[in-house]
Structure formats: structure tokens, C-alpha cells
1. Which numbered condition trips up Arg152, out of (1) in contact (Cβ under 8 Å) with a residue 40 or more places away in the chain; (2) away from ligand 2 (no atom under 16 Å from the Cβ); (3) open to solvent by 40 Å² or more (accessible area, probe 1.4 Å)?
2. Based on this model, can you work out whether Gly13 counts as within 10 Å of ligand 1 (Cβ to nearest atom) and within 15 Å of the chain's Cα centre (by Cα)?
3. Closer than 27 Å to Val257 by Cα, within 13 Å of ligand 1 (Cβ to nearest atom) and either open to solvent by 10 Å² or more (accessible area, probe 1.4 Å) or more than 22 Å from the chain's Cα centre (by Cα) (or both): does that describe Glu132?
4. Does at least one position in the stretch 197-205 carry a residue that is away from ligand 1 (no atom under 12 Å from the Cβ), over 29 Å from Leu255 (Cβ atoms), open to solvent by 40 Å² or more (accessible area, probe 1.4 Å) and not acidic (Asp, Glu)?
5. Determine whether the stretch 220-229 contains at least one residue that is more than 10 Å from ligand 2 (Cβ to nearest atom), open to solvent by 10 Å² or more (accessible area, probe 1.4 Å) and among the hydrophobic types (A, V, I, L, M, F, W, C).
Amino acid sequence: MKFLVTGGAGFIGSAVIRFLINETDHQVLNIDKLTYAGHLESLTPISDSDRYQFVHGDICDAALMQQIVDEFKPDRIMHLAAESHVDRSVDAPGEFIETNIIGTFNLLNAARKHFEDSGNQDFLFHHISTDEVFGSLGDEGFFTEETRYDPRSPYSASKASSDHLVRAWGETYGLPIVVTNCSNNYGHYQFPEKLIPLMIMNTYNQKSLPVYGDGSNVRDWLHVDDHARALYLVVTEGKPGETYNIGGKNEKTNLDVVQTICDLMESFNPPARDFAYRDLITHVTDRPGHDFRYAIDTSKIERELGWQPQETFESGIEKTVEWYLSNQAWCEAVSKDYSQERLGLKTVK
Ligand code: NAD
Ligand code: DAU
């Protein structure tokens, strides 16, 4: 089949494309704007494949999206392109509204015309979304596919909005769609603004480790390759019109995660005798509107599609720390314009 993937130079998109090229026989067209978060270096392992093509383009360009979809004639669109970092959405929400909402609207229009013109009854539009649309949990409970939407940051509100648009195009125009809502991903090729790669890089460079607030906020961590496998199952075997939640069943406080990284670094990169990586942990001002806890009930995707994550947090985080230590060239290439300044403290832009 022909897969059109948006945002394929990003963290999850590149994992999806590496999976599609390495594990299947499908053709892939990647559309990416190459923002600060998009790096073609993440696709080096597959970029020579004759089943892979890249178009440097912005999903906010409606005419370009229509032209690409009309020419490529995809069987599947996997839509991952987005502004993805919560802290950036606090400081500068405009880009999130443009890319996540208007960009999704453009793709839906292009997909609808292609679906109607081609008569391809097997066509499917897969929107890749987040568990953050469901809001914040207390100590108990899990997000299910029936949980009411309650987004609380500009990022999650823009993703919730795009989820609603996708469902509306399904209901109103009969466009075959599926939506997946996933928990926090981690793993190789993640831009070092997110918690796990930032903490690995900072321990490596012996810089302070900024933990927001008291570090008790909880996230459910999923290895990115397990997410890519889940997305492939959904886009090939999922039922049109349905939503699937995806999560790792790996709930950890942020402080636990940071301490685990420090402990792994003690063995992979032992510091001088009078110093411990945990000494770098610094509690800083909390994120505004910081969601307390996310946790996913994954029983639907397990029951209906037979998906299970292959990595535990312990196996995945160890591989991830090792990968960052062995891939400093990638880290330097992607972070050359990234100053690591603290983001998301409501600095109006
Ligand atoms: P990312 O920030 O690493 O990558 C986003 C990619 O989209 C980049 O390659 C960027 O260049 C591209 N992009 C941004 N704006 C664009 C535009 N206007 N036109 C074309 N390309 C554009 O993001 P990610 O972490 O890989 O997330 C991918 C998707 O998965 C997003 O939709 C995100 O909301 C969702 N998601 C992420 C997580 C997570 O933990 N990272 C969890 C659940 C869902
Ligand atoms: O839940 C899925 C979401 O997970 C995705 O939709 C988002 O695209 C992705 O960015 C992620 O959002 P989070 O806000 O949970 O991820 P982040 O890595 O920014 O932060 C994880 C937790 O760590 C959060 O509670 C804030 C905290 N944190 C983060 C950073 C960057 C710190 O304590 N210190 C930091 O420096």
C-alpha cells in the first residue's frame, strides 16, 4: 500500500517510517516542514530505500496538501505532524493553533476529495493524538476511550480540537477515520527538550536537572517502537470510526524517572568519586496548569487488536540511555540551535 506520513522527521513519525520501511513492503511518502523538532538525520537508516520519498512542506499550505494527496493517491494517511511540546504552547500558542488545528483541517479536506474522487473504499485517515485531551487524573483511575475530553493546556486543547475535526469529517462526510490517543513516549531520536532526553543530556554534560515542582506528577511511559507497532496495527487492522487508547502501563513520578536516569548514568558513565549524578537534581518553579497524572486503560487495543508493549520501562530506559550516550553526533546536530532555556513560564510572545 501507499502510506502518506506527516511529521515523519519527528520523534514518533521517524519511528513509524523506520518501521514501515524495515518491517513491511509498503511505499512511504513523508511530508514534513522540518521545524526545530524535525530532523532528516533520524531517517538516515532508511533514507536510501526506493520505497521512501520526502517532500519538504507545511501542512498549513492547503493547495500543496491537495496537490500531494492527488498525485500520491495514498491508501493510508498517518497524520503525526504537530507542534508537540506543552511548555512551548504556554509561551507561544499561535503555532499550535495553526499547525494542529488548521493543518489537520487542510489534510482532512485533501483526504476527503481524494476519497471521493478515487472511490478507494479501503482508504483510511489515521489521526495520531494524545492522552492529554482527557485532562488530569488524581491518584486513582484510568483514561478509557469513553473518558470525557477536558484539555487544559494550549497544546492539549489544540489536539482535542483536531480530534473533534477528524471525527466530524468521519460522521459528516463519511471519511474513513481512526483516532489513537497515546501516553508519553520515550526512546531513541527524541528531541532533547522532553523530560527523558533532556535529563540524559544534562547528566552527561553535568548540568542541573530541572524537576518541575516537587516531582510527584505521574506519566505513563511507552517506548516509541511499541507505539509504532501499535499504530501500524491500528492503521491496518483497526475499525474505521473507532478510537484506540495506547499506553505503556508504566506509571512513574517524574522524580522516579530522573533518579533512574541518574542511577543508569552512574554505571554507564561513572563520574568522579566525590560526585553523584543525583546531586544535579534541582526543583524549579512548576509548569503553569501542570496536569498531575496520566494513566491509560489499554484493554480495548489489547482485546480487539491483540497489541501488547514489548518493552518494560526498565528495559526501555536502559536502551535509551545507552543510545543517547552512543549517538552524541545526532544529539549535537539536532540541538545546535536549541539553547535549553526554561520554557513555559507564561512569557508572552
Ligand atoms: P515531534 O515534535 O518530535 O515531531 C513533530 C514533527 O512534525 C516534526 O518533524 C516537525 O518538523 C513536523 N511539523 C511540525 N509542524 C509542521 C507543519 N506545519 N507541517 C509539516 N510538518 C510539521 O512530535 P512527536 O513527539 O513525534 O509527536 C508526533 C505526534 O504524536 C504529534 O501529533 C503528537 O501530538 C502525538 N503524540 C506525541 C506523544 C509524545 O509523547 N511525544 C504522545 C502521544 C501523541
Ligand atoms: O502524554 C502525552 C504527551 O506527553 C504528548 O502528547 C506530548 O507531545 C509530549 O510532549 C508529552 O507531554 P508532557 O508534558 O507530559 O512531556 P514533557 O516531557 O514535557 O514532561 C514530562 C513531565 O516532566 C511533565 O510532568 C513535566 C515534567 N518536566 C518536564 C521537563 C521538560 C520536568 O519536571 N522538567 C523538565 O525539564
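1. All conditions pass for Arg152, except number (2).
2. In short, yes.
3. yes
4. no
5. No, the stretch 220-229 contains no residue that is more than 10 Å from ligand 2 (Cβ to nearest atom), open to solvent by 10 Å² or more (accessible area, probe 1.4 Å) and among the hydrophobic types (A, V, I, L, M, F, W, C).
Residues checked against (1) open to solvent by 30 Å² or more (accessible area, probe 1.4 Å); (2) of a type outside the set (Phe, Trp, Tyr); (3) out of contact with any helix residue (DSSP H, G or I) (no Cβ under 9 Å at 6 or more places or on another chain):
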| site | (1), (2), (3) |
| --- | --- |
| Ser47 | yes, yes, no |
| Asp50 | yes, yes, yes |
| Gln66 | yes, yes, no |
| Asp75 | yes, yes, yes |
| His79 | no, yes, no |
| Ala82 | yes, yes, no |
| Val86 | no, yes, no |
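Yes/no per residue for (1) under 20 Å from Phe11 (Cβ atoms); (2) among the charged types (D, E, K, R); (3) exposed (fewer than 14 other Cβ atoms within 10 Å of the Cβ); (4) within 15 Å of ligand 1 (Cβ to nearest atom):
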residue	(1), (2), (3), (4)
Ile281	no, no, no, no
Thr285	no, no, yes, no
Ile296	yes, no, no, yes
Leu325	yes, no, no, no
Trp330	yes, no, no, yes
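The values are calculated or read from the model by the stated rules, or taken from the named source; none is laboratory data. Just so we're clear, the structure is a prediction, and the values are computed from it rather than from any experiment. Positions of Cβ are backbone-derived with ideal geometry, glycine not excepted, and every protein chain shown enters the neighbour counts. Only protein heavy atoms, including side chains, enter the accessible area calculation; ligands, DNA and RNA are left aside. Shrake-Rupley method; radii C 1.70, N 1.55, O 1.52, S 1.80 Å.
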